[in-house]
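K.L.:
Got a structure here, written out as structure tokens. Questions coming.
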Amino acid sequence: MTQPQSEQLAHDIRRLKWACRRGMLELDVLLEPFVERHYADLSEQDKITFERLLTCDDPEMFAWFMGHETCPQPQLAAMVQLILARNSL
């Protein structure tokens with residue numbers, strides 16, 4: 001028996017919010033609000049990319065979000081930019 005789509009989305013958001021609790025507060029304040037406010041509106045491909053981003057190491061992500069380095073993977077780099085843009089609204 002499969003869950004209704006809204007229940008699945010709520011489950012995914014709870015799971016992702018937990019995964020967004022990183023070892024760096026700077027990442028927590030970027031990632032958790034993004035999941036709460038914008039994850040549901042992402043395309044399926046962007047959801048997959050976001051989850052891939054969460055598998056990256058904190059120091060790498062910190063460097064990408066702070067603009068110290070550019071992510072070498074175009075899809076992840078685009079997701080970083082999307083998160084920054086949506087969080088600045």
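K.L.:
State the percent of C-alpha pairs, over all pairs in region 5-87, separated by a distance greater than 17 angstrom. Spell out each step's value before the answer.
P.N.:
Numbers: 1361 of 3403 pairs.
Looking at region 5-87, the distances longer than 17 Å represent 40 percent of pairs.
K.L.:
With unit charges on the beta carbons (Lys and Arg positive, Asp and Glu negative) and the dipole taken about the Cα centre of the chain, which residue among Gln81, Gln45, Cys56 sits farthest to the positive side?
P.N.:
Selected residue: Gln45.
Read-outs throughout are calculated quantities, based only on the coordinates presented, and are distinct from any laboratory measurement. Being a predicted model, the structure only gives us computed values, none of them experimental. Counting neighbours? That spans all protein chains shown, and the Cβs are built from the backbone with ideal geometry, glycine included.
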